[in-house]
Structure formats: C-alpha cells, structure tokens
Amino acid sequence: MRDDAMDESGLILGRITDTDIAMMRARIGTPNPTLRKGYLTTPWNTVCSADAIRQLAECTGDMNPLYNDEDHARASRWGAPVAQPGFEWSTGYDRNPIVSEDLYRRTHKALRGVQLYHSGAEYVYYAPITEGTRLYKSEVLANVTEKESRFANRSVLVDNETCWWDAEDRVHVTSNRWFVHAERRNLSAEEKAEKRAKPKVELGHYNDDAIAEIEAAYDAEYIRGTDTLYLEDVTIGQELPRMVKGPLTITDMINIHMGAGWLTYGNPPYRLAYENRKRLRGFYSRNESNYWDTVQRVHWDPELARKVGVPHVYDIGPMRFFMICHYVSNWAGDDAFVHRIRYELRNFNYMGDVTWLTARIADARVDDKLGPLVELEITGTNQRGETNINAKATILVASRQTGLAKLPEPPAVTPHRRLEA
C-alpha cells in the first residue's frame, strides 16, 4: 500500500519510487494511468463541423479565413471546411485498449499525487480533417525514463503515443506527447528561505511603447491565404515574418478551453465535478473555501501554483502548440499541407508574458516519398529574452513542375486499440 503525504488542503504529496516506475513501465502499450478522463468521456467535438473549426480558430486568436469563413474553405482545394492543425486535440472517440482487472489493480496508483508538466510532442498529419469527419483515437503509454529535475527531488519523463483514424480506418494524425512527472513536497524552513532569497520571476508589465509594438505586430500579421506557396519561391535560410501572441491573460486560458474543451483532463462543474472526483480523487484539493476543486487550477490559482513549486500561474502546454499551428498554417497558405510539427516547451509561460514567434527555412527539397517540402525551425521568445518553445515543422508544398502538394501515405491504424464500439 502507498503511504503518500498530504498537505492541509488535501493535496497529495506523492513520491516517485522504484515501484512507481516499474508500475508505469508495466502499462506500456496500454493507457497511461495518470492521463484519465474521469467522468467525461465523450469528445468535445464529436464530429468536425464548420462551427467547431471556426470556434477553435476564434478561441486561439486565429483570423485565417480558411478556418473562419465557410465559403472561403469550400472554394479552396479541399472543397469543404477544413480543420486547422491542432483540431485533433478536441476530438476522437476513445478506443483505448482495455486494461485487465489484474493489471489495473497492480498499477492504477502509479505516480499518484505527482505533479505533471507537458513538455513537448510530435504530431504527424496524413489527411485533412474536413467537415463531417468523425475520428476515433487510442492513446497508450510508450516509454518511461527517469530524469533529473530542477523542480523536484526525482522526476520521470513519460511518452504517450496517440493515433486518430476515421470510420474507414484511414489514419489522419499520429502523435507522441511527452510529460514530466515531478514530486510535490512540503519545503523545509531552510528550503523556503533559499527560495525567497532567489531572484523572483519578473512578470510582464508593458509601457505604451511596448504595447504599441505588440499591436503593430498584430496589425502586420502575415496570412498567405490563396497565394499558393511554391517550392521554387523559397530559399534555405530565409527568415519568415514575425508573429506575436500575448500578453497572456486568464481570458486567453478560458478561450482555449471554450474552443478545444478540457483537452487531457475533464473538469466539469457542480454535480459533474462531484462525480468526477469520485473517479479522480487525487486530481482535487481543497480551495480557499475548504471545498474540493481541480488541481488543474494551478494555471489560474497563484497559491496552488506556488504549492507545487512554480512561482506564478502559467499556461497549459497545448496553448503554445496552438501558437505554432497558427504560425505555420498562416505562412503555409490554403494550398499547402502541414505534415509534421514537433515542439519542445522551454521555461514556463506565465500570465502576462508575450511570445514572439520567429522562424527560418532550414531546408527546401523534393523528397522521394513526400514530394516538394519545406522544413521550418521556429522559436518562441518572451519579453525577458527567454525561449519558451522550440519547434520544427514540415510543410508539403506546391511545385510549378508537379502541381499542388500531394497527401502522404498514411500508416496502419495502431494495434493498440479497442475494436468494439
């Protein structure tokens, strides 16, 4: 039996033990026990629709007409409303493999009460998600690696593989998402004094000149649209237009959940929150009213953020992924196809931070299998000069010799799936 500590609010202060790591490794090829949905299992968007695409675009600050204007999308090469990269986060009926009763009993408390941080992912796209598409998905634990962490005594990096496919078993998207699991713990008096002595994070505060620069960047945001991107028109080393996102606000956080749902976890209100807590007790602690609330409030509750070792509230990792999706699709235009996005989150993106996105063309070539393509290297930098995201993207583009970009050959559906409805 586990004997985890608990603070006065009911926040579990779990430890990472050799047994935890062994339990997690026993779950490879089955669902990760720390990424459970709880009471809510129906996807936020059960089917792709023009409304769902537009709402996600609006809620991520994306003005691209391909995603906001249904008539514009129907007139494009896709012939229908087409979803932006990242839409897959909001959809997909659960077809995770079933965990046997014995394996569940032996492993379901692995890494219980341990803080989880999204650290990066790689997404590969094979077919557009268009209006009327209904997707199914399976996500399984793929790898468990112990690592050092500056936020905890012990931490573990966990890889999770996901596959999305349609009713004809055609794969649309695959991904590998990485999470760092870090111990929560009560600090000693000496440790608290040491933390107080360290320089505090300088949160964003902007004078009129800085605000004018941000707003000018918004006014100048580049959207290629119907201007087809041709391989012959790009140069290796070419710098792309700069994009700005921020300063980050709680309102931005609300919007991402309005557009994409709760993403990894479900956090419903009222009676549904009570039902959710029955299934995910370790995902709740007592708030200032001494009632139970989701631990995901580390993203908007400064006191809880400090309790888990972060000096201020911060974004959820997918928000920066959506920034990359927005940046890449703006530059790629209507006719190209975003085939791959790989990103690593660096530092925390605190409320009030600005992210300046820049990129360069790292390669431009005709690939033997994929045809004409462009490789991008993308960096997000905040107002403190710190990198908060690094990313790479592969865009399949048109050529004046061969025509519009061709879609890649999809892989087989993951073997790690539940076949019955």
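Laid out as a table, the results:
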| item | result |
| --- | --- |
| Flag if residue 285 is at pLDDT below 95, touching a strand residue (DSSP E or B) at 6+ places or on another chain (Cβ under 8 Å) and among the polar types (S, T, N, Q) | yes |
| Qualifying residue in the range 200-221 (condition: out of contact with any helix residue (DSSP H, G or I) (no Cβ under 9 Å at 6 or more places or on another chain), acidic (Asp, Glu), in a loop (DSSP other than H, G, I, E, B) and at pLDDT below 95) | yes |
| Residues that are aromatic (Phe, Trp, Tyr) and within 11 Å of residue 393 (Cβ to Cβ), drawn from the range 316-330 | 327 |
| The lone exception for residue 378 - which of (1) part of a loop (DSSP other than H, G, I, E, B); (2) within 21 Å of residue 218 (Cβ to Cβ) it fails | (1) |
| The listed residue being buried (at least 18 other Cβ atoms within 10 Å of the Cβ) and modelled with pLDDT under 95, out of 158, 171 | 158 |
| Selection status of residue 165, modelled with pLDDT of 95 or more, of a type in the set (A, V, I, L, M, F, W, C) and either under 23 Å from residue 91 (Cβ atoms) or surrounded by fewer than 20 Cβ atoms within 10 Å (Cβ to Cβ) (or both) | yes |
| Failed condition for residue 77, given (1) outside any strand (DSSP E or B); (2) touching a strand residue (DSSP E or B) at 6+ places or on another chain (Cβ under 9 Å); (3) not polar (S, T, N, Q) | (2) |
| Index of the failed condition, residue 373 passing every other in (1) surrounded by fewer than 19 Cβ atoms within 10 Å (Cβ to Cβ); (2) not in a loop (DSSP other than H, G, I, E, B); (3) not small (Gly, Ala, Ser) | (1) |
| Neighbours by Cβ (under 6 Å, 6+ apart or cross-chain): first from the range 340-362, outside any strand (DSSP E or B); second of a type in the set (Val, Ile, Thr) | 346/387; 351/313 |
| Selection status of residue 62, within 24 Å of the chain's Cα centre (by Cα), more than 16 Å from residue 330 (Cα to Cα) and of a type in the set (Asp, Glu) | no |
| Unique residue being of a type in the set (Asp, Glu) and within 30 Å of residue 285 (Cα to Cα) when the list is 122, 146 | 146 |
| Among the residues listed as 106, 95, the single one being buried (at least 18 other Cβ atoms within 10 Å of the Cβ) and touching a residue at least 60 places away in the same chain (Cβ under 8 Å) | 95 |
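For every residue, the table says whether it meets (1) modelled with pLDDT under 90; (2) surrounded by 14 or more Cβ atoms within 10 Å (Cβ to Cβ); (3) assigned to a loop (DSSP other than H, G, I, E, B).
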position: 1; (1), (2), (3): yes, no, yes
position: 8; (1), (2), (3): yes, no, yes
position: 15; (1), (2), (3): yes, yes, yes
position: 20; (1), (2), (3): yes, yes, no
position: 23; (1), (2), (3): yes, yes, no
position: 32; (1), (2), (3): yes, yes, yes
position: 36; (1), (2), (3): yes, yes, yes
position: 42; (1), (2), (3): no, no, yes
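The values are calculated or read from the model by the stated rules, or taken from the named source; none is laboratory data. From a predicted model like this one, the values you see are computed outputs, not experimental measurements. Positions of Cβ are backbone-derived with ideal geometry, glycine not excepted, and every protein chain shown enters the neighbour counts.
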